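Structure first, commentary second.
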Amino acid sequence: MAPKIPVITFNNGKTIPIMGLGTWKSKPGEVTQAVKDAIDIGYRHIDCAFVYGNEKEVGEAITAKINEGVVKREDLFITSKLWNTFHRPDLVKGALLKTLENLNIKYIDLYLIHWPQGYKEGGELFPADASGKIQFSDVDYVDTWQALEPLVGEGLVKSIGVSNFNSKQIERLLKSAKIKPVVNQVECHPYLNQQRLIQFCEARGIKITAYSPLGSPDRPWAKPEEPQLMEDPKLKAIASRLGKTVAQVLIRYQIDRGVIVIPKSVTKSRIASNFAVFDFKLSEEDLQLINSFDCNGRFVPMAASLGHKYHPFENDEF
C-alpha cells in the first residue's frame, strides 16, 4: 500500500496533498504513462497547465485510471493554469473550459493565473513580432482574477490561486479580491528558498507550492556553466548521511517547511523514488543548513517577458 500523503488545508477549508507530480516539459508521448505510473505508485495530486501542451495526454491517463477503478475522480487533486494570452476577462472561462475538455474532467480542483503578465490575445501562445520579441497585453491581473471568481460559484473550479506573483502583486490583488487566493505557486529550492515570500503569504493565509524543487535540470535554456542543484556537494553529503537521494532530500526540505511540492519526472523508477519521502524527516539543523544555500538563484527567470509592467521579477521584488 502506498503511504497516506499528508495534506495541507487551504484558507477555504479544502485540502491538497502536500506532494504532487509536475508535468512541465513532460513530452506528450511520455506523460500519459508517467501519470498512470504516478497514480499506481500513490500520487493523488497532478499539476498541469494549458501552456505545457500535454493536458490531453494527462487526461487520457486520468480517465484510464478512473475506468480501471484504481481511483475515483474525487480521490484526485488536479491543478491547471490560465495562460498569459487568456488574461482578458472575456477569455477566462473559455480557457478553463478548454482545459476541462483536454483533461476530460468536469471540474478542476485548483486553477491558477500562471503569470501576472498578459500576452497579446488571439494568436500564438508566445505571440512575437518580426524581431522575435513577445507582444504584451496590458490586461490587469486584478481584472483577470475578477473573471475567475464566478467560476468557483459555477462549480467549474473548487479553488483559485496564482503563480509567479511577487509580494506587492499579491498585496494589490487582495485589496479587491472577493475570493482570496489559496496558493501562490513559485520556483522554490535551496538556491531560491523564498523564505520571505513564504512568510508573507502564510501571514495572509496563502500557501506556497514549490515548482522546480530539484532545480529544473532539464530546463531548455540551461547553460553548461550554470550550477546544478542536484550535484551540490553539500546536499550530496546530507543525502549520503541520511541514506537518501539528493532528490528525496530536496523534496523533503519543502515538506518539512510546510510547502506543497511538485517534482517532475517521466521515469517510473524516479517517480517512485521521489514519492518515497514519507519515512524520514530532516532535522532542524539540516533545514537551517539547507536554508543557508540561498543565493537568489533563479532558474526560471521568464526573460521573454522582461519589460512587461507586470513582470514579477524586474525590481528584485520578493
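Derivation of every value follows stated rules applied to the coordinates shown; laboratory data play no part. A quick note: this is a predicted structure, and the numbers were derived from the prediction, not measured. Reconstructed Cβ throughout: ideal geometry from the backbone, glycine too, with neighbour counts over all protein chains shown.
Things to note:
- Column: log10 I(q)/I(0), Debye, Cα scatterers of segment 88-240, q = 0.17, 0.18, 0.20, 0.21 Å⁻¹: -1.13, -1.20, -1.30, -1.34
- Between ASN315 and ASN67, the contour length at 0.36 nm per residue exceeds the Cα-Cα span by 84.4 nm.
- Distance between segment 178-230 and segment 118-168 - C-alpha centres, whole angstrom: 19 Å
- Listed pairs LYS36/LYS264; LYS81/LYS264; LYS98/LYS264 exceeding 18 Å between Cα atoms: LYS98/LYS264
- The residue among GLN194, VAL300, ILE134 whose Cα reaches farthest toward the positive pole of the charge dipole of the chain, with charges on the beta-carbon of Lys, Arg, Asp and Glu, is GLN194.
- Contact order for segment 236-312, expressed relative to its length and based on alpha carbon pairs under 8 Å spaced 6+ residues apart, stands at 24 percent.
- Treating each Cα of segment 179-229 as one equal point scatterer and applying the Debye formula with no solvent, the log10 of I(q)/I(0) at q = 0.13, 0.17, 0.26 Å⁻¹ comes out as -0.38, -0.58, -0.96.
- Taking 30 Å as the limit for the C-alpha separation, the pairs LYS180/LYS268; LYS72/LYS175; LYS120/LYS178; LYS27/LYS93 exceed it in the case of LYS180/LYS268; LYS72/LYS175.
- A viscosity of 0.692 mPa s and a temperature of 37 °C, combined with the Kirkwood radius over Cα pairs in Stokes-Einstein, give a translational diffusion coefficient for segment 14-305 of 167 µm²/s.
- Rg/Rg_globular for segment 160-255, with Rg_globular taken as 2.2 N^0.38 Å and Rg from C-alpha atoms: 1.27
- Cβ crowding within 10 Å ranks VAL249, VAL58 as VAL249, VAL58, fewest other Cβ atoms first.
- Since only ILE41, GLY53, ALA210 are under comparison, the one whose Cα sits farthest along the positive direction of the charge dipole of the chain, derived from C-beta charges on Lys, Arg, Asp and Glu, is ILE41.
- Electrostatic tally near HIS189: other residues with Cβ closer than 11 Å to its Cβ, Lys and Arg +1, Asp and Glu -1, net -2.
- Rounded to 5, the percent of DSSP beta bridges in segment 14-305 classed as antiparallel: 15 percent
- Entries of LYS25/LYS309; LYS56/LYS223; LYS14/LYS207 with Cα pairs more than 20 Å apart: LYS25/LYS309; LYS56/LYS223
- Relative contact order, percent, the chain [alpha-carbon distance under 8 Å, six or more residues apart]: 19 percent
- Summing Cβ point charges (Lys, Arg +1; Asp, Glu -1) relative to the Cα centre of segment 14-305 gives a dipole of roughly 320 debye.
- Ratio Rg/Rh [Cα only; Rh per Kirkwood] for segment 1-143: 1.01
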